[in-house]
Ligand code: NI
């Protein structure tokens, strides 16, 4: 079926497919941030902007309310925004009607703020199936590198976990609702840059 996952992509020599260019020495990585926007998101956007890096944000609908300006800024500054449901539910465990509301209300909210169509979804807990794929015209985005930042809240552990697991073409999962994750992100960016990585949004890694 047509689901695209990072691991499948990794086997397809990702660096050679970026913009159709063949650059064997270039390594790419996608930073993705779930569960926001939150109180540290603007700080993260400041730093990403200062370093000229674009990331991908999978937003929770109910967290967008009262943080519309952060979402608008995210879009204006070139970041990719995807859907992470309205209230962080596992889509495979609710009725079709509930799934519709969770996904569609979130996309509508994002599109009203940004004027940009939502094309990607990160299903909470990675819960996804073929029915959902056909029900929603959205591309599911999972991840290759998961430092469990939501669990450790430990900047050092997050940095070490990412740096010891990352490969060319990987999608890194982080959460911008935690200060430790945002602080770790700044160090991860510097380390990956020093290793020759270029930062891309997930559409550059996943779209044929
Ligand atoms: Ni989540």
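FYI, it's all coordinate maths here, none of it is from the lab. Quick caveat: nothing in here was measured; it's all calculated off a predicted structure. Heads up, the Cβs are rebuilt from the backbone with ideal geometry, glycines too, and the neighbour counts pull from every protein chain shown.
Using only the Cα atoms of region 51-91, build the gyration tensor, take square roots of its eigenvalues as a ≥ b ≥ c, and label the shape rounded, prolate or oblate: rounded if a/c is under 1.5, else prolate if a/b is larger than b/c, else oblate. Oblate, because a/c is 1.5 or more while a/b does not exceed b/c. Between region 109-134 and region 169-185, the C-alpha centres lie 20 angstrom from each other.
Let me test this: with uniform point scatterers at the alpha carbons of region 95-168, what is the Debye-based log₁₀ I(q)/I(0) at q = 0.11, 0.25, 0.27 1/Å? Relative scattering, expressed as log10 I(q)/I(0), comes to -0.42, -1.07, -1.17.
Residue order for 175, 79, 153, fewest other beta carbons within 10 angstrom first, comes to 153, 79, 175. Based on C-alpha pairs under 8 angstrom that are at least 6 apart in sequence, the chain has a relative contact order of 32 percent.
Fewest neighbouring Cβ atoms within 10 Å first, the residues 74, 206, 163 line up as 163, 206, 74.
Please give the calculated 222 nm ellipticity per residue for the chain, where each DSSP H segment of at least 4 residues contributes -39500 (n - 2.57) and the sum is spread over every residue; nearest 500 deg cm²/dmol? Computed mean residue ellipticity for the chain: -12000 deg cm²/dmol. Measuring r between the beta carbons of residue 116 and residue 156 and using R0 = 35 Å, the FRET efficiency lands at 0.45.
Fewest neighbouring Cβ atoms within 10 Å first, the residues 33, 199, 58 line up as 199, 58, 33.
Between residue 108 and residue 129, the FRET efficiency estimated from the beta carbon spacing at R0 = 25 angstrom works out to 0.60.
Computed over the chain, the Cα gyration tensor eigenvalues convert (square root of 5λ each) into semi-axes of 25, 20, 16 Å, ordered from largest to smallest.
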